[in-house]
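Each remark here refers to the structure printed beneath this line.
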Amino acid sequence: MIYQRIMVAVDGSEISYLALQEAIRLAKDQHAELRIVHVIDESIVYTTESHVDYASLWQVYREEGLKFLDKLSEEIRKAQIAFDCKLVELKPFSGKLAEKIVEEVKVWLADLLVLGTHGRRGLNHFILGSVAESVIRIAPTPVLLIRGR
């Protein structure tokens, strides 16, 4: 199958970096467009101390997300492929991370989604769940999972 629009979701982990590398390779091999999506969850801001200025903290969080995408962009440019990056904000009570990723897949009309997976099992999986597993269940497109080493 030939893919024309490949999306990869990254979170800054080593595993998501491996997923990005695979997405770059695929995009280059198939002359596909690549979109890098980084979702930031605003609810994390509200789990901090009550005396914190939430608006300022959220702004810092957004700026860090944009810096992260800029850093990735520098590396991707070397691959000489068509790409763009998108910072996606997940507002509290507006759904789950997996749903937000799939929403981006639908809006951008991606025909492949690449994700890293931590491959947790047992109690860790039960407690933490799996974004990748949730995405697979609801994604309208094929999903390529890259497992950590």
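Worth pointing out:
- Close pairs (6 angstrom Cβ cut-off, 6 or more residues apart or separate chains): among the acidic types (Asp, Glu) in the stretch 61-87, outside any helix (DSSP H, G or I) anywhere: Asp84/Arg35
Condition check ((1) surrounded by fewer than 16 Cβ atoms within 10 Å (Cβ to Cβ); (2) modelled with pLDDT under 90; (3) small (Gly, Ala, Ser)) across all residues:
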site	(1), (2), (3)
Leu66	yes, no, no
Leu72	no, no, no
Ile76	no, no, no
Ala79	yes, no, yes
Leu109	yes, no, no
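- Residue check, Lys91 basic (Lys, Arg), within 17 Å of His38 (Cβ to Cβ) and modelled with pLDDT under 90: yes
The values are calculated or read from the model by the stated rules, or taken from the named source; none is laboratory data. Treat the numbers as computed from the prediction; the structure is a model and nothing was measured. Every residue, glycine as well, gets a Cβ built from its backbone with ideal geometry; the counts of neighbours run over all protein chains shown.
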